[in-house]
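Let me begin by presenting the structure, written as structure tokens, before commenting on it.
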Amino acid sequence: MYWKCSLSIIDSHGAINEIMSERSLPQTDFRVSADYGTIAKSLTPVEDIFGPTVNLCSKINGTASPNGVVIGGDLYQIVKSLKSYEFGLLGSYSLGLKFSYPVYTVTRRPSKLSLKCK
């Protein structure tokens, strides 16, 4: 699942910045966005993807908090029943049409084991 990778990137934020610091490089923050839909691939030697899903993903990316993950409404409809994650309605992105597109935050749900260890 793509958002698992996204959450792993977010989890690695501290370690990444530690390595950056050791190499005298500036600290970095990032936002991750994902959605579900059709994409197209370029037919040129340089591989690229494009299409409405990619465009929408790039637009909702700015709604994520620094070092946070957001997903679009189409992906949310597919993954909303997963018990290991928490989804929160962040708001909606105006597409300039009659309806807005919902955007959700994604975090890992704390496990019962980790709650007992504290």
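For residues that are touching a Leu at 6+ places or on another chain (Cβ under 6 Å) and of a type in the set (Val, Ile, Thr), tally how many sit in segment 1-51.
The total comes to 0.
So how many residues does segment 73-93 have that are over 16 Å from Ser33 (Cα atoms) and either at pLDDT 95 or above or among the polar types (S, T, N, Q) (or both)?
Total meeting the criteria: 2.
Inside segment 10-39, can you point out the residues that are of a type in the set (A, V, I, L, M), outside any helix (DSSP H, G or I) and modelled with pLDDT of 90 or more?
Filtering segment 10-39 down to residues of a type in the set (A, V, I, L, M) leaves 10, 15-16, 19-20, 25, 32, 34, 39.
Filter once more, so that each one left must be outside any helix (DSSP H, G or I): 25, 32, 34, 39.
Of everything in segment 10-39, those that are of a type in the set (A, V, I, L, M), outside any helix (DSSP H, G or I) and modelled with pLDDT of 90 or more turn out to be Leu25, Val32, Ala34.
Filter segment 42-78 for residues that are among the hydrophobic types (A, V, I, L, M, F, W, C) and surrounded by fewer than 15 Cβ atoms within 10 Å (Cβ to Cβ); which is nearest to Ser100 (Cα to Cα)?
Among those that are among the hydrophobic types (A, V, I, L, M, F, W, C) and surrounded by fewer than 15 Cβ atoms within 10 Å (Cβ to Cβ), it is Ile78.
Starting from segment 54-67, keep only residues that are touching a residue at least 24 places away in the same chain (Cβ under 8 Å), then list their pairs with residues that are polar (S, T, N, Q) whose Cβ atoms are within a distance under 7 Å, requiring at least 6 positions of separation or different chains.
Cys57/Ser33; Ile60/Ser33; Asn61/Ser33; Ala64/Ser33
Going by the conditions given, is Thr53 part of a loop (DSSP other than H, G, I, E, B) and either more than 13 Å from the chain's Cα centre (by Cα) or closer than 23 Å to Ser111 by Cα (or both)?
Considered against the rule, which asks whether it is part of a loop (DSSP other than H, G, I, E, B) and either more than 13 Å from the chain's Cα centre (by Cα) or closer than 23 Å to Ser111 by Cα (or both), Thr53 comes out as no.
With respect to Leu95, is the statement that it is touching a helix residue (DSSP H, G or I) at 6+ places or on another chain (Cβ under 9 Å), over 18 Å from Ile9 (Cβ atoms) and hydrophobic (A, V, I, L, M, F, W, C) true?
yes
Can you report the number of residues in segment 58-86 which are of a type in the set (A, V, I, L, M, F, W, C), within 11 Å of the chain's Cα centre (by Cα) and more than 19 Å from Ser8 (Cβ to Cβ)?
Number of matching residues: 1.
The values are calculated or read from the model by the stated rules, or taken from the named source; none is laboratory data. It should be emphasised that the depicted structure is a prediction, and the values quoted were computed from it without experimental measurement. Counting neighbours? That spans all protein chains shown, and the Cβs are built from the backbone with ideal geometry, glycine included.
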